[in-house]
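Engineer: The structure follows.
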Amino acid sequence: MPTNSILDSNLGNQFRRVNRKQWGKLFNYSLPPLVWMAFILLLIGIPGYKFPSSELLSADKFIHFGLYFVLSFLWMQAFIKQNSVPMLRFEAGFYTLLLGIAYSGLTEMLQGLLFVQRSADVLDYLANTSGTLGGFFFFRLIIRR
């Protein structure tokens, strides 16, 4: 009887077959984007009044774009270099975009619900998503994959 569970998917099966040494390699390649995600979380947790105010609306959006551009690039690099889970390697673009867009939404929700003197902004989410797409396409352009 077929099921729709993620654990029963091909990716779930590949994760179950990863041994301890392979998990270590996967973690090592994933460490730079994970650290960058923590850095983004740290930045969004800083109260808004601690940032210098700018008359340029676009300066804030360029920062959002840049943060997620780098995150996307780092995830693409991590997924391509690792050999522990072949599906992550062959579908690196899909998982990079999925992680980047989901993390963008999560961080914007956290700004609106949890952090002091921060607010969720649809334009920030769009800048984050644009940065994710930009990093993905830039990586594809320079790697030619």
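The values are calculated or read from the model by the stated rules, or taken from the named source; none is laboratory data. What you see is a predicted model, and the numbers here were worked out from it, not measured in a lab. Positions of Cβ are backbone-derived with ideal geometry, glycine not excepted, and every protein chain shown enters the neighbour counts.
Engineer: Would you mind stating whether M109 is within 17 Å of the chain's Cα centre (by Cα), assigned to a helix (DSSP H, G or I) and at pLDDT below 95?
Structural biologist: Values: within 17 Å of the chain's Cα centre (by Cα): yes; assigned to a helix (DSSP H, G or I): yes; at pLDDT below 95: yes.
Considered against the rule, which asks whether it is within 17 Å of the chain's Cα centre (by Cα), assigned to a helix (DSSP H, G or I) and at pLDDT below 95, M109 comes out as yes.
Engineer: A follow-up question, please. Out of (1) under 15 Å from I44 (Cα atoms); (2) among the hydroxyl-bearing types (S, T, Y); (3) not in a helix (DSSP H, G or I), what's the single condition that is false for S84?
Structural biologist: (1)
Engineer: Continuing with the same structure: Would you mention how many residues in segment 79-103 are touching a Ser or Thr at 6+ places or on another chain (Cβ under 8 Å) and at pLDDT 95 or above? I'd like the intermediate steps shown before the answer.
Structural biologist: Restricting attention to segment 79-103, the residues satisfying the condition of being touching a Ser or Thr at 6+ places or on another chain (Cβ under 8 Å) are 79, 82, 96-97, 100-101.
Keeping just the survivors that are at pLDDT 95 or above gives 96-97, 100-101.
Adding up the residues that qualify gives 4.
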